[in-house]
Amino acid sequence: MAKQPRPVHQLTSAQFDRMFPVGDEDACKAYLVARRWPNGVACPRCGNAAVYDLPSRKWHWQCERCATDGYRFSVTVGTIFENTNKPLRDWYKLVHLMMTSKKGISARQMGRYMGFGSVKTAWLMAHKIRTALIEPETKLGGIVEVDETFIGGKKKNQHWDKRVPGRGHTGKIPVAGAVSRKGNVVARVVRDVRTETLVKFVREMVSNKVSLLCTDDAAAYRDLKAEYPHGSVDHKRRQYVVGAVHTNTIEGFWSIFKRGIVGTFHKVSAKYLPLYVAEFQFRYNNRHNDDIFGAAIEGC
């Protein structure tokens, strides 16, 4: 049975170097084994725990149950590190940088820091990590706030041939979010902010047993009053807090997210925006986790 690594809150650079010395890939692989299989190595195909080490190949095992001639697998099989030509330590360092940067870190900055010859290398690795950070959907309870935001530059700053006709948020990408107070956030890129879209999002992400659902006074949320204990504030009338009803928590998350998009990444395409949403959501939901780095590696 692999010994579970000791949780380290907000791993510092010095602690990282002690845990994973330069050139010591065995330390990285031992850490991955302990994270993947805390109860002992098991076959990634069939879950069989009766596997045995391959003496000729370190960090490789064989399972006799799911293949007639035996299934051989390594410590990285089924992870984002499988078939990589980069050392595990480089991957771990990128994860560490992403988990300790509240507003994210750009691929260009990661590439310079790591000494990669190409920005695209850091960009591809970071996207694989973001994909691994996507969390399973769970319904929120307690007091839940719901709001939406839009990602995209101002129309006056866009090149003439990139502008989409229309007013307001036309041409921007809508993102819906829900947060449980003092709890987790769930954010998703949505098609639009029409009533049916936002109501569907709320039904999928919020338990109907919540004690209170807080939104702004947008017409799209008014149909929820029959299903949830619903309260709203009217920002147009400068109404921000009415008793326990407010959307300050979700707006705080939007503030961190948008500052990261504008200040760190500068430009994010619609195709990859869900991955950046997943990164910020993971960091927010693990803000009190004493071992956020370990949780990220476990997801990889």
What aspartates and glutamates sit close enough to Lys267 to cross-link, taking a C-alpha to C-alpha distance under 18 Å and skipping anything fewer than 8 places away on the same chain? Asp161, Glu279
What nm distance separates the two modelled labels at Asp26 and Lys86, each placed 7 Å from Cα along Cα→Cβ? 2.5
Find the relative contact order for the chain and round it to a whole percent, using C-alpha pairs within less than 8 Å whose residues are 6+ positions apart. 20
For region 143-268, calculate the relative contact order in percent as a whole number, restricting contacts to Cα pairs under 8 Å that are 6 or more residues apart. 25
Taking 0.36 nm per residue of separation and subtracting the Cα-Cα distance, what length does fully extending Val199 through Ala49 add? 49.6 nm
Given the peptides 209-220, 35-46, arrange them by the average over their residues of other C-beta atoms within 10 Å, most packed first. 209-220, 35-46
Taking 0.36 nm per residue of sequence separation and subtracting the Cα-Cα distance, how much length would be gained by fully extending the chain between Gln239 and Val119, in nm to one decimal? 38.6 nm
Considering the dipole of region 167-295 built from charges on the beta carbon (Lys and Arg +1, Asp and Glu -1) around the Cα centre, which of Val186, Val242, Val175 is farthest to its positive end? Val175
Under a crude label model (7 Å from the Cα following the beta-carbon direction), how far is Ser269 from His288 in nanometres? 3.9
If the label point sits 7 Å along Cα→Cβ of Glu298, residues of region 39-53 with amide N under 17 Å come out as 39-42
Which length gain, in nm to one decimal place, applies between Thr12 and Lys172 when the Cα-Cα distance is subtracted from 0.36 nm times their residue separation? 53.9 nm
Could you please rank Glu204, Glu145, placing first whichever residue has the fewest other Cβ atoms within 10 Å of its Cβ? Glu204, Glu145
Specify the residue with the greatest mean-square fluctuation among Phe253, Phe16, Phe280, computed from a Gaussian network of the chain linking alpha-carbon atoms under 10 Å apart. Phe16
Cα-based shape type of region 229-300, given that a ≥ b ≥ c are square roots of the gyration tensor eigenvalues and the cut on a/c is 1.5: oblate
Most exposed first by the Cβ proxy, i.e. fewest other Cβ within 10 Å, how do Trp123, Trp254 rank? Trp123, Trp254
For region 223-300 and region 29-53, what is the separation of their C-alpha centers, rounded to whole Å? 35
With a point put 7 Å past each Cα toward its Cβ, work out how far Leu212 is from Arg259 in nm, to one decimal. 2.6
Out of these labelled values of Rg and Dmax of the Cα atoms in Å, (i) 17.2, 48; (ii) 18.9, 60; (iii) 22.5, 73, which was calculated from the coordinates shown here? (iii)
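Here, each number is a calculation from the coordinates, and none is a lab measurement. Nothing here was measured: the structure is a model prediction, and the numbers come from that model. A quick note on method: Cβ atoms are made from the backbone with ideal geometry, for glycine too, and the neighbour counts reach across all protein chains shown.
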